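S.K.: Below is a structure I'd like to ask you about.
The values are calculated or read from the model by the stated rules, or taken from the named source; none is laboratory data. Computed from a prediction, not measured in an experiment: that's the story for all the values here. Heads up, the Cβs are rebuilt from the backbone with ideal geometry, glycines too, and the neighbour counts pull from every protein chain shown.
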Amino acid sequence: MFNKKMGNNDKKDERDKKDDKVINILKFFRLKILIVVLMFVVNILIFLTLGVNSSYAGDSVVSNIKVILASSEAPLDSPKIDPTLKDISNQLQSVFKYTSYQLIDSHNMSIAYNTTGIVSLPDERTLEIVPGGMSGDRIKFTIRILKKNSPIFTTQILLKNGSSVTIGGPDYNNGYLLFNISGVSN
């Protein structure tokens, strides 16, 4: 009888050990599943955070490009400024020393990041503008001027979001082309 009881206890101990192993295996898998789920959540949060805070504030830039002919044909004492340039006339006169500013063309465009906006210019030239994302509160732009599809000028600028800048360009028609570029990231 004593042996019989011991046999039952041995079987019970073996079952308890098997149950403990199963429980430990289940705990282990539950822990692994929890880790995988946490890693998934963390990756999603990182993706969402980088999607908003990396180099892009939005997915495109609304830009206005004004093509201006600047020359010194007007008398020094009475500069001639196209009335459509009134909003940037102070900027033009403080940076450039021309006496005449005439708007040749203006283009409003929405340009997705890392894509090219193209503006046709006189004399078989084109202006390419590529917004490359944001750096703080500034929009990164790469600007190229091409003549007959060959680059003649390339520069990069950081434009404060919501502002404009005027850059000088090639000579044209007894003057020079200027480009006033504004940008708002959205």
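S.K.: Can you tell me which residue among Ile143, Ile111 is within 16 Å of Asn64 (Cα to Cα) and touching a Pro at 6+ places or on another chain (Cβ under 8 Å)?
M.R.: Numbers: Ile143 fails: touching a Pro at 6+ places or on another chain (Cβ under 8 Å).
The match here is Ile111.
S.K.: Yes or no: segment 123-145 includes at least one residue that is more than 16 Å from Val62 (Cβ to Cβ), touching a residue at least 40 places away in the same chain (Cβ under 8 Å) and in a loop (DSSP other than H, G, I, E, B).
M.R.: yes
S.K.: Further, regarding this structure: So which of Val119, Val130 is assigned by TED's automatic domain parsing to the domain that holds Thr84 and either more than 16 Å from the chain's Cα centre (by Cα) or at positive phi (or both)?
M.R.: Being assigned by TED's automatic domain parsing to the domain that holds Thr84 and either more than 16 Å from the chain's Cα centre (by Cα) or at positive phi (or both) holds for just one of Val119, Val130, which is Val119.
S.K.: Looking only at segment 74-91, filter to residues that are part of a loop (DSSP other than H, G, I, E, B) and surrounded by 14 or more Cβ atoms within 10 Å (Cβ to Cβ); which one of those is farthest from the chain's Cα centre (by Cα)?
M.R.: Out of the qualifying residues, it is Ala74.
S.K.: Inside segment 131-153, can you point out the residues that are among the β-branched types (Val, Ile, Thr), surrounded by fewer than 18 Cβ atoms within 10 Å (Cβ to Cβ) and within 18 Å of Tyr113 (Cα to Cα)?
M.R.: Passing the criteria: only Thr142.
S.K.: Answer with yes or no whether Ser94 is small (Gly, Ala, Ser) and loosely packed, with under 14 Cβ neighbours inside 10 Å.
M.R.: The answer is yes for Ser94.
S.K.: Report, by residue number, each residue of segment 86-104 that is touching a residue at least 40 places away in the same chain (Cβ under 8 Å), within 12 Å of Asn180 (Cα to Cα) and of a type in the set (S, T, N, Q).
M.R.: If the condition is that a residue be touching a residue at least 40 places away in the same chain (Cβ under 8 Å), within 12 Å of Asn180 (Cα to Cα) and of a type in the set (S, T, N, Q), then Gln91 is the only one that fits.
S.K.: Right, next: Among the residues of segment 162-169, is any surrounded by 17 or more Cβ atoms within 10 Å (Cβ to Cβ) and hydroxyl-bearing (Ser, Thr, Tyr)?
M.R.: yes
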